[in-house]
Amino acid sequence: MGFVLSVLYFVTYYLTPVTVFGPLAAVHIELVLAALVFLISLPAFVKSFMAKTPQLPALIGLAFAALLSVLMTGWVGGAVQAFLLFIPNAFGYLAVCLYCTSKKRLQILVVMMFLVCLFVICRGGFDLLHLLPGGAPVTRGATQSPYILAQSNDAGDMFYRLKGRGEINDPNDFAQLIVCTIPMMFLFWRAKKTLWNLAFVLLPVGVLLFGDFMTHSRGSVLAMMAMLLVASRRRIGTLPALIVAGGLFVGAQALHFTGGRDISADAGSDRTVLWGEGLQLLKTHPVFGVGFGSMPDFTDNFHTAHNSVVVCAAELGMVGLFCWSLFLFSTVRDALTIASPSNVTEAVPIAPEEQFFPQVEAKIEPIDKKQINRMGLLVLLSLTGFLVAGWFLSRAFVMTLFLLGGMAEVVYEMALKRGMVAPRMRLTRVLPYAGVLSIVLLMMVYVMIRVLNLTH
């Protein structure tokens with residue numbers, strides 16, 4: 001029951017309560033659903049491995065950082081609201097760790113992500129064909145369809161971009177979700193099963209690529225280049241992988257993947273200005289930031305920074321950035337471990353005489369080293385896509401990151417139960433690395449700003 005309600009909760013999050021429940025959304029049925037999932041999860045939490053992961057204290061720290069960031073401004077009601085806005089996103093990690101503890105359930109979760117993307121692609125495609133027959137709109141902005149955004153390119157011509165609703169109510173946000181879903185579709189890949197792979201892997205991936213093309217997101221092009229580089233480097237080497245990734249970039253430009261908008265330093269100069277403003281906000285509010293979700297109120301054009309690191313630092317200060325880095329470092333480190341053949345050994349069988357409860361062992365699904373490595377690599381690729389796209393988006397706290405974090409820990413736990421990997425790093429060992437990572441991320445932003453300013 002908890003698993004079913006969790007999946008329904010994820011669908012509601014991405015498609016909005018109005019889309020899923022219609023008139024029932026008026027009674028905030030999503031809150032009722034969240035409360036049910038929470039109550040059902042309490043017994044499961046006691047038996048879960050989640051309490052042993054560094055991500056759990058990281059999420060608790062982020063929740064209180066969001067609360068304190070607004071509370072320090074003196075707005076008590078806003079502090080509670082910030083806390084309640086963050087918790088539903090972070091709940092994605094808890095639900096995955098509690099209920100998606102097998103390969104089959106991970107596959108169901110991936111199917112959910114694909115169906116969400118497919119729904120938006122189909123609705124947007126239908127509206128593009130039937131609601132907008134007269135050509136491009138006269139003005140930029142919303143159209144008759146909530147799934148289509150009109151925008152002008154570098155030449156001043158109007159074009160349409162596909163988007164979702166709610167938390168993916170932006171073409172770039174929807175593209176980020178698509179990019180993260182594409183690698184995970186290969187969880188269904190079966191060796192020497194051509195028809196199966198064509199129907200359940202390659203065809204869905206083709207649909208997702210088409211949807212990504214319809215978003216015309218520049219960040220998603222860079223994210224797919226990074227994923228291709230990571231995926232192919234081990235097989236063909238770093239230099240050939242760079243060449244292949246460069247070929248993807250050239251092909252995307254030739255196919256007008258970005259809708260006629262350039263991917264260049266000049267094209268992103270407006271974002272680097274916002275990055276600079278975000279760093280200035282961190283300088284003036286270094287501990288708890290300016291408040292969760294409040295950065296637009298402190299910028300000249302009332303815009304956010306379009307960089308997940310800058311937004312996290314500006315809104316939650318160094319306390320929030322440290323907790324976010326703690327979650328990120330632990331997740332990426334574990335994903336790298338299970339993706340590496342050298343860090344994963346063959347499963348250690350448990351002798352029958354050593355089993356106090358043989359029936360428990362029989363319930364553990366058979367998973368070998370190759371499968372663990374494959375699942376680890378797919379999660380790592382999705383994380384790569386999320387982080388590269390997130391470098392140009394203000395999406396530090398969205399559920400997709402926490403879903404991927406949960407997936408990484410579930411696969412790691414699968415390997416750990418079978419004696420295939422070393423135990424997780426203790427929290428006391430992870431904390432210094434999280435601090436270093438938070439500083440490194442800020443330095444990367446600062447260096448990029450300085451370099452880009454010198455080129456103008």
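The values are calculated or read from the model by the stated rules, or taken from the named source; none is laboratory data. Since the structure is predicted, the reported quantities are computational estimates derived from the model, not experimental observations. Please note: Cβ atoms are built from the backbone with ideal geometry, for glycine as well, and neighbour counts cover all protein chains shown.
Descriptive notes on the structure:
- Residue that is touching a residue at least 24 places away in the same chain (Cβ under 8 Å), in the same structural domain as Ala90 (by TED's automatic domain parsing) and small (Gly, Ala, Ser), where the choices are Gly259, Gly246, Gly251: Gly259
- Taking every residue in the range 228-239 that is small (Gly, Ala, Ser) and pairing it with any residue that is surrounded by 12 or more Cβ atoms within 10 Å (Cβ to Cβ), at least 6 positions away or on another chain, the pairs with Cβ-Cβ distances below 6 Å are Ala231/Leu381; Ser232/Ala241; Ser232/Val244.
- Complete set of residues in the range 12-51 that are hydrophobic (A, V, I, L, M, F, W, C), crowded, with 18+ Cβ neighbours inside 10 Å, under 30 Å from Lys417 (Cβ atoms) and modelled with pLDDT of 85 or more: Met50
- Which listed residue, of Thr181, Thr143, Thr139, is at pLDDT 95 or above and polar (S, T, N, Q): Thr181
- Taken residue by residue, the range 40-52 has at least one member that is out of contact with any strand residue (DSSP E or B) (no Cβ under 9 Å at 6 or more places or on another chain), closer than 21 Å to Phe327 by Cα and not in a helix (DSSP H, G or I).
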